[in-house]
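The structure appears below as structure tokens.
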Amino acid sequence: MKNLLILGAGTSGTMMANHLISKLPKKEWSITVIDQFKTHYYQPGFLFLPFDIYTTKQVKKKGEKFIPKGANYIQKKIELIQPDENKVILEGGRVLDYDILIVATGTKIAPGEIEGMDGPMWYKNIFDFYTYEGAKALRNKLREWEGGKLVVHITEMPIKCPVAPLEFAFLADSFFKNKGMRDKVDITYVTPLGGAFTKPKATEALHHLLEEKGIKEVTDFNIERVDYENNKIIDYAETEVKYDLLVTVPTNMGDELIERSGMGDDLNYIPTDKATLQTKDHENIFAIGDATNLPASKAGSVAHFEAEILTENILRYIKGEPLRAEFDGHANCFIETGNGKALLIDFNYTHEPVEGTFPLPGIGPLKLLKESRTNHMGKMAFRWIYWNMLIKGRHIPFVSTNMTEKGKHFETLEK
Amino acid sequence: MIKTFCKTQVEVKVSEDGYLEDMSQWNEEIAHEIAKEIGIELTDKHFEVINYLREKTEAKEPLTIRKVGKSGIVSIKELYQLFPKGPLKYSSKIAGIPKPTSCI
């Protein structure tokens with residue numbers, strides 16, 4: 001009997017277990033999923049929780065429910081990976097041997113990287129919304145906040161879901177309008193990037209939306225520290241931005257397990273082949289989702305597209321065939337823009353988001369890079385798709401793994 | 001785009017925003033000229049950073065401010081002092097390497 005271990009039961013790990021369970025011969029392969037936490041969170045929902053759009057119940061379920069029958073599930077902390085000995089050591093000392101290892105340990109926030117961030121004012125007037133705890137604490141704060149300077153801030157790239165902080169700013173604008181207190185709130189968007197987003201075409205569209213909603217932008221801001229006594233963030237060039245309420249996306253880092261095991265880069269992400277998802281140092285170790293150092297978005301849609309290619313590559317690896325080098329960095333994200341509308345962007349390693357229709361070329365019904373109510377409905381429907389199709393590894397109709405160029409308005413192609 | 005550097009009178013290919021397209025065409029004279037356009041007077045310390053950036057680019061390692069800060073050559077604070085306003089953008093431009101793409 002051979003062993004395939006999956007570390008992490010988040011979006012990627014759960015999807016991989018569901019894909020592989022029906023594909024690997026049961027008599028030859030045993031699949032084991034290991035995760036220290038009981039709860040599986042619907043992370044896109046963390047954006048809506050602070051504004052009371054989603055309830056806490058809508059964003060969490062018991063993780064074990066989504067692990068396929070036939071796979072083993074161990075709820076334990078992982079102490080160490082020993083890649084040269086093909087062993088994984090769990091907390092308490094239990095040792096598991098593997099023939100193939102899939103690392104899906106994700107990324108998490110590291111507010112401790114910036115001086116003053118997670119100090120005495122953490123969750124008092126400084127919040128993150130990338131964790132369940134942060135989103136919930138922020139919800140409670142927003143319920144009673146009487147207004148002032150709201151600063152939405154990104155610490156450093158890369159971050160999980162790079163559009164989420166923008167969406168947060170847009171939703172905040174709507175939220176305070178609906179509460180009849182928009183005039184009491186000053187919203188500023190502070191980013192280390194040169195503009196609103198990482199891709200020029202989308203940056204332009206998003207910049208107009210920010211302007212339209214009266215949200216100020218501070219760009220090229222690389223934070224050095226939070227002066228929590230005087231309520232301001234200060235960057236390396238001595239620029240200061242004052243806040244009454246700071247909603248920040250802290251530095252994102254891969255799991256400490258990766259650092260302990262000596263397998264990561266300076267942010268604990270695993271060097272991984274961007275087309276095959278095989279790790280660069282060990283041929284029987286594969287990485288997927290936020291845990292990799294791929295130059296793609298850290299997002300559930302990326303993990304979803306990766307999972308289809310990785311499944312095939314695991315099967316090829318077992319047969320001793322060459323791997324399919326086909327992951328193109330495909331990402332597909334809804335961007336909530338407030339007032340019941342959303343944008344949709346579709347892009348990959350080489351193509352930036354453009355206008356057009358999705359998923360059916362020329363038909364849609366979703367429009368790319370244009371605000372619409374249909375796009376918002378799509379985002380809302382996605383929660384159901386996530387729990388019922390996506391993490392169960394079911395194919396989503398019409399949505400292809402590699403990005404299609406049909407129905408899109410490409411002007412220029414990057415190299 | 002072709003750019004001619006006055007002092008050296010060499011023609012080099014540059015991108016729209018002035019980054020060298022072929023890092024092998026770079027030399028210290030060119031570095032001084034680009035720096036002057038930006039308004040930076042280059043010192044030995046600047047060149048230590050520039051050489052580090054060139055080495056890492058040759059080794060195909062992606063560059064970030066965090067990475068330079070951990071290089072042991074300068075802290076992030078010092079990098080800002082050397083290349084005010086655009087620590088990675090300006091240092092890359094002067095080093096004759098492609099414009100750093102921020103991660104997605």
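Taking residue A:145 as the residue in question, decide whether it is aromatic (Phe, Trp, Tyr), assigned by TED's automatic domain parsing to the domain that holds residue A:207, crowded, with 16+ Cβ neighbours inside 10 Å and out of contact with any strand residue (DSSP E or B) (no Cβ under 7 Å at 6 or more places or on another chain).
In short, no.
Give me the residue from region B:80-104 that is closer than 12 Å to residue B:53 by Cα and hydrophobic (A, V, I, L, M, F, W, C) and, out of that set, nearest to the other protein chains (Cβ to nearest Cβ).
B:88
Taking interchain pairs and intrachain pairs at least six residues apart, which have beta carbon atoms under 9 angstrom, with the first residue in region B:62-77 and more than 7 Å from chain A (Cβ to nearest Cβ) and closer than 13 Å to residue A:158 by Cβ and the second of a type in the set (A, V, I, L, M) and surrounded by 15 or more Cβ atoms within 10 Å (Cβ to Cβ)?
Once the first residue is more than 7 Å from chain A (Cβ to nearest Cβ) and closer than 13 Å to residue A:158 by Cβ and sits in region B:62-77, its partners that are of a type in the set (A, V, I, L, M) and surrounded by 15 or more Cβ atoms within 10 Å (Cβ to Cβ) give B:64/A:157; B:64/A:267; B:64/B:88.
Identify the residue in region A:312-368 that is among the polar types (S, T, N, Q), over 17 Å from the mean Cα position of the chain (by Cα) and crowded, with 22+ Cβ neighbours inside 10 Å and, among all such residues, is nearest to residue A:53 (Cα to Cα).
The qualifying residue nearest to residue A:53 (Cα to Cα) is A:337.
Mind counting the residues in region A:194-219 that are modelled with pLDDT of 90 or more and within 14 Å of chain B (Cβ to nearest Cβ)?
Residues that pass the stated criteria total 2.
In this structure, is residue A:202 in contact (Cβ under 8 Å) with a residue 40 or more places away in the chain, within 28 Å of residue A:291 (Cβ to Cβ), out of contact with any strand residue (DSSP E or B) (no Cβ under 7 Å at 6 or more places or on another chain) and buried (at least 18 other Cβ atoms within 10 Å of the Cβ)?
no
Can we say residue A:176 is assigned to a helix (DSSP H, G or I), in contact with a helix residue (DSSP H, G or I) (Cβ under 8 Å, 6 or more places away or on another chain), free of Cβ contacts under 8 Å to residues at least 60 places away in the same chain and on the phi < 0 side of the Ramachandran plot?
It is true that residue A:176 is assigned to a helix (DSSP H, G or I), in contact with a helix residue (DSSP H, G or I) (Cβ under 8 Å, 6 or more places away or on another chain), free of Cβ contacts under 8 Å to residues at least 60 places away in the same chain and on the phi < 0 side of the Ramachandran plot.
Please specify each residue of region B:1-20 satisfying the condition of being surrounded by fewer than 17 Cβ atoms within 10 Å (Cβ to Cβ), under 16 Å from residue B:89 (Cβ atoms) and of a type outside the set (S, T, N, Q).
If the condition is that a residue be surrounded by fewer than 17 Cβ atoms within 10 Å (Cβ to Cβ), under 16 Å from residue B:89 (Cβ atoms) and of a type outside the set (S, T, N, Q), then B:16, B:17, B:18 are the ones that fit.
Take residue A:181 and decide whether it is surrounded by fewer than 19 Cβ atoms within 10 Å (Cβ to Cβ), touching a strand residue (DSSP E or B) at 6+ places or on another chain (Cβ under 9 Å) and on the phi < 0 side of the Ramachandran plot.
No.
Mind checking whether some residue in region A:280-294 is buried (at least 23 other Cβ atoms within 10 Å of the Cβ), assigned to a loop (DSSP other than H, G, I, E, B) and in contact (Cβ under 8 Å) with a residue 40 or more places away in the chain?
yes
Which of the residues that make up region A:148-178 are farther than 13 Å from residue A:339 by Cα and either among the charged types (D, E, K, R) or surrounded by fewer than 19 Cβ atoms within 10 Å (Cβ to Cβ) (or both)?
A:148, A:149, A:156, A:160
So, in region A:220-264, how many residues would count as being within 11 Å of chain B (Cβ to nearest Cβ), touching a strand residue (DSSP E or B) at 6+ places or on another chain (Cβ under 8 Å), under 14 Å from residue A:156 (Cβ atoms) and not in a strand (DSSP E or B)?
Within region A:220-264, residues that are within 11 Å of chain B (Cβ to nearest Cβ), touching a strand residue (DSSP E or B) at 6+ places or on another chain (Cβ under 8 Å), under 14 Å from residue A:156 (Cβ atoms) and not in a strand (DSSP E or B) number 3.
The values are calculated or read from the model by the stated rules, or taken from the named source; none is laboratory data. This is a predicted model, so every value here is computed, not measured. Note that we place each Cβ from the backbone using ideal geometry, even for glycine, and neighbour counts take in every protein chain shown.
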